[in-house]
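J.: Starting off with a structure, shown below.
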Amino acid sequence: MTTRVVVARRLALVLLCGLALPSAARGQAATAGDSIDRYIGAELGRYHIPGMSVAVLRGDSVLLARGYGYANVELRVPASDSTVYQSGSVGKQFTAAAVVMLAEQGRLSLDDPITRFLPEGPAAWRRITVRHLLTHTSGIGDYTDSTLDVRRDYAEDDLVRLAARQVLEFAPGDRWSYSNTGYVLLGIIIHRVTGVFYGDFLRDHVFRPVGMRTTRVISEADIVPNRAAGYRLVNDTLKNQEWVSPSLNTTADGALYFTVRDLAQWAIALNHWRIPIRTGLEASWTPVRLNSGGTYPYGFGWQITQQRGFRRIGHSGSWQGFQTSRKRLPRRWR
């Protein structure tokens with residue numbers, strides 16, 4: 001979901017892996033922990049952050065995984081490495097993984113027009129491919145910028161109709177523009193191709209095989225052990241997150257629960273390509289090529305940048321009182 005950066009208003013989850021370490025972390029993990037503890041302690045106070053959880057990995061080694069502040073302010077429940085947070089748009093990489101998996105199985109092609117799966121869409125959608133949705137180059141605007149009523153429940157067909165009413169902002173492939181709508185449509189495509197709700201498909205084919213024990217689609221009705229509460233800051237006063245309809249907390253643009261321990265499991269699986277994707281992982285980490293021949297630093301659910309000679313791959317997220325960030329520095333540019 002939307003990646004607006006409003007650190008001061010949210011409970012936060014951060015995962016840093018690969019080579020994203022402070023200099024102290026090149027020594028012993030305890031020294032790294034002390035350095036991170038001091039930094040985060042200062043930031044919590046500076047930005048009025050109620051709580052957060054952090055994990056730092058180097059290779060397959062978890063150097064640090066712990067919580068800071070509170071997972072629930074009212075009940076004074078401390079945050080920990082087992083605290084369950086909402087994913088925000090960090091969840092997009094899992095939706096993308098499911099789509100790439102289906103492509104490798106021959107059940108769809110990334111270059112299929114989306115009208116193959118969404119035939120009720122307008123004529124303009126015939127030029128939009130699955131790849132365009134993955135890379136935010138479809139031209140379909142972001143539904144969060146439209147008249148979407150977050151307190152109303154929508155069926156999948158309703159969300160398709162809502163997206164179909166939008167005029168394309170540009171020709172598919174011409175530009176890059178962040179679109180949660182595109183990932184909502186990808187989740188619906190997964191459902192129509194497999195006959196299974198996208199969250200159930202992820203559970204069976206990604207989360208369980210990788211060992212992500214707590215990761216699942218959001219449900220505020222279910223009893224979820226260690227679930228954090230989300231918060232916002234209004235005139236320097238902490239408030240609970242605003243209510244969102246249940247159906248909008250199950251869409252494929254970023255509606256998951258997970259812990260930093262789960263994200264660490266995912267990171268380790270990526271280190272060894274131990275995920276149910278054979279050839280599509282590197283493509284997921286490759287900047288999209290536009291119609292002009294230029295590129296934009298976004299792959300399939302991953303942002304791609306460069307930092308101090310290293311390729312940095314990651315994503316951030318922000319939704320319903322939570323902010324997430326997941327960064328990975330796997331190797332130098334070649």
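The values are calculated or read from the model by the stated rules, or taken from the named source; none is laboratory data. This structure is a prediction, so every number in the text was calculated from the model and none was measured. Every residue, glycine among them, receives a Cβ derived from its backbone with ideal geometry; neighbour counts consider all protein chains shown.
J.: Within segment 83-111, restricting attention to residues that are among the small types (Gly, Ala, Ser) and outside any helix (DSSP H, G or I), which residue is nearest to Ser318 (Cα to Cα)?
T.: Checked segment 83-111; the qualifying residue nearest to Ser318 (Cα to Cα) is Ser87.
J.: Turning to a different aspect of this structure: Can you pull out the residues in segment 281-297 that are surrounded by fewer than 18 Cβ atoms within 10 Å (Cβ to Cβ) and assigned to a helix (DSSP H, G or I)?
T.: Leu281, Glu282, Ala283
J.: Quickly run through segment 228-243 and pick out the residues that are in contact (Cβ under 8 Å) with a residue 12 or more places away in the chain, within 18 Å of Ser318 (Cβ to Cβ) and over 18 Å from the mean Cα position of the chain (by Cα).
T.: Ala229, Tyr231, Arg232, Leu233, Leu238, Asn240, Gln241, Glu242, Trp243
J.: Asp153 - would you say it is of a type in the set (Asp, Glu) and within 19 Å of the chain's Cα centre (by Cα)?
T.: no
J.: Do any strands (runs of 3 or more DSSP E) lying entirely in segment 206-269 carry at least 3 residues that are closer than 22 Å to Asp81 by Cα, and which ones are they?
T.: The qualifying strands (runs of 3 or more DSSP E) are 256-258.
J.: OK, next. I need the full set of residues from segment 112-168 which are assigned to a helix (DSSP H, G or I) and of a type in the set (A, V, I, L, M), in order please.
T.: Within segment 112-168, Ile114, Ala123, Ala124, Val130, Leu133, Leu134, Leu159, Val160, Leu162, Ala163, Ala164 qualify.
J.: Is it true that Tyr39 is modelled with pLDDT of 95 or more, more than 29 Å from Leu162 (Cα to Cα) and among the aromatic types (Phe, Trp, Tyr)?
T.: The answer is no for Tyr39.
J.: Can you confirm whether segment 59-77 contains a residue that is part of a helix (DSSP H, G or I), at pLDDT 90 or above and crowded, with 18+ Cβ neighbours inside 10 Å?
T.: Among the residues of segment 59-77, not one is part of a helix (DSSP H, G or I), at pLDDT 90 or above and crowded, with 18+ Cβ neighbours inside 10 Å, which makes the answer no.
J.: Among residues belonging to segment 298-334 that are assigned to a strand (DSSP E or B) and of a type in the set (Phe, Trp, Tyr), point out the one that is surrounded by the fewest Cβ atoms within 10 Å (Cβ to Cβ).
T.: Phe310
J.: Here's a follow-up. Given the conditions (1) crowded, with 17+ Cβ neighbours inside 10 Å; (2) under 26 Å from Ile188 (Cα atoms); (3) modelled with pLDDT under 95, report the number of the one that Arg216 does not fulfil.
T.: (3)
J.: Somewhere in segment 138-149, is a residue touching a strand residue (DSSP E or B) at 6+ places or on another chain (Cβ under 9 Å), buried (at least 19 other Cβ atoms within 10 Å of the Cβ) and closer than 19 Å to Ile190 by Cα?
T.: Among the residues of segment 138-149, at least one is touching a strand residue (DSSP E or B) at 6+ places or on another chain (Cβ under 9 Å), buried (at least 19 other Cβ atoms within 10 Å of the Cβ) and closer than 19 Å to Ile190 by Cα, which makes the answer yes.
J.: Hey, another quick one. When you scan segment 194-201, do you find a residue that is touching a Cys at 6+ places or on another chain (Cβ under 9 Å) and either of a type outside the set (S, T, N, Q) or touching a residue at least 40 places away in the same chain (Cβ under 8 Å) (or both), even just one?
T.: no
J.: Which count do you get for residues in segment 94-109 that are surrounded by fewer than 19 Cβ atoms within 10 Å (Cβ to Cβ) and over 15 Å from Ile188 (Cα atoms)?
T.: Summing the residues that are surrounded by fewer than 19 Cβ atoms within 10 Å (Cβ to Cβ) and over 15 Å from Ile188 (Cα atoms) in segment 94-109 gives 4.
J.: Now for a different question. Right, Arg213: among the basic types (Lys, Arg), touching a residue at least 24 places away in the same chain (Cβ under 8 Å) and out of contact with any strand residue (DSSP E or B) (no Cβ under 7 Å at 6 or more places or on another chain) or not?
T.: yes
J.: Is it true that some residue in segment 275-286 is farther than 18 Å from Leu110 by Cα and touching a Phe, Trp or Tyr at 6+ places or on another chain (Cβ under 6 Å)?
T.: Within segment 275-286, not a single residue is farther than 18 Å from Leu110 by Cα and touching a Phe, Trp or Tyr at 6+ places or on another chain (Cβ under 6 Å).
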